[in-house]
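The values are calculated or read from the model by the stated rules, or taken from the named source; none is laboratory data. Predicted, not measured: the structure shown is a model, and the values here were computed from it. Here the Cβ positions follow ideal geometry from the backbone for every residue, glycine too, while neighbour counts run over all protein chains shown. Quick note on the areas: whole protein, heavy atoms, side chains included, nothing else; ligands and nucleic acids left out. Shrake-Rupley method; radii C 1.70, N 1.55, O 1.52, S 1.80 Å.
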Amino acid sequence: SQTIHQWPATLVQPVGSPLSLECTVEGTSNPNLYWYRQAAGRGLQLLFYSVGIGQISSEVPQNLSASRPQDRQFILSSKKLLLSDSGFYLCAWSGEGEGDSTEAFFGQGTRLTVV
Amino acid sequence: LAKTTQPISMDSYEGQEVNITCSHNNIATNDYITWYQQFPSQGPRFIIQGYKTKVTNEVASLFIPADRKSSTLSLPRVSLSDTAVYYCLVGGLIKAAGNKLTFGGGTRVLVKP
């Protein structure tokens, strides 16, 4: 079966520090991968999505970046965090091999607080 | 991607049926309608997907009229644990051309005892 791992669960970082959040998927190949951010009490904002290794589409201009060094690994990074980067970050995958679907599977999320 | 509009919030009581309607006037021929459920501090969870008419699973029913410009998620006999945010998404199949998953604001459903 497929599983998605996202870590860490919580993170407190000072303003100006770097960020690296990692997401890995098991049990599937060539998934579409997504990074979302959710501010408190708000909806999900799509940040990046990837259809393959090295292929990243950015949805919102910001000081964040994403990389996909391996088929099932998706990394969210920042060189210098801002206070406004605080939020709940979610990784997701989609693209089950047996057939097309609009179903996506989400990780448990990382609660980032920039202080 | 077709834009969706759904109520910001709804209140209900245990045992009642909850119906959430989503408007998607610009839905394209190839678009599917998908609903997700999100509990606090968790990622969204897929509930149901449909293209036309009616779809039912063990969790919910999805009603889609012939013109497909709206859809209604029906949750039968809700319990307190159904309190969550429900998102309506409209778009093509995910594997096709790397379709994005764009979530709107969702509907916050509060089930009261």
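Here are some notes:
- By accessible area, using a 1.4 Å probe on protein heavy atoms only, chain A has 52% of its surface on carbon and sulfur.
- Radius of gyration (Cα atoms) of chain B, expressed as a multiple of 2.2 N^0.38 Å: 1.02.
- Pairwise Cα inverse-distance average, inverted: Kirkwood Rh of the protein assembly as shown (Å): 18.2 Å
- The lysines whose alpha-carbon is closer than 24 Å to the alpha-carbon of residue B:3, local same-chain residues fewer than 8 away aside, are B:52, B:54, B:69, B:95, B:100.
- Computed about its Cα centre, the charge dipole of the range A:3-114 is approximately 600 debye, with only Lys, Arg, Asp and Glu carrying charge at their Cβ.
- Shielding of peptide A:68-76 by partners, expressed as the average count of other chain Cβ atoms within 10 Å per residue Cβ, is 0.
- Summing +1 for each Lys or Arg and -1 for each Asp or Glu among the other residues whose beta-carbon sits under 14 angstrom from that of residue B:14 gives -1.
- With one equal scatterer per alpha carbon and no solvent term, the Debye-computed log10 I(q)/I(0) for the range A:3-114 at 0.15, 0.20, 0.22, 0.23 1/Å reads -0.59, -1.04, -1.24, -1.34.
- The calculated FRET efficiency for residue A:29 paired with residue B:110, based on their beta-carbon distance and R0 = 35 Å, is about 0.30.
- Share of carbon and sulfur in the accessible heavy-atom surface of chain B [1.4 Å probe, %]: 51 percent
- Local charge for residue B:77 was computed over the other residues whose Cβ lies under 10 Å away, with Lys and Arg +1 and Asp and Glu -1, and equals -3.
- Between residue A:39 and residue A:115, full extension at 0.36 nm per residue minus the direct alpha carbon distance yields a gain of 25.8 nm.
- Accessible area buried, both sides summed, chains A and B with 1.4 Å probe, Å²: 2000 Å²
- The residues of the range A:15-115 have, on average, 43 Å² of accessible surface per residue, using a 1.4 Å probe with all protein chains present.
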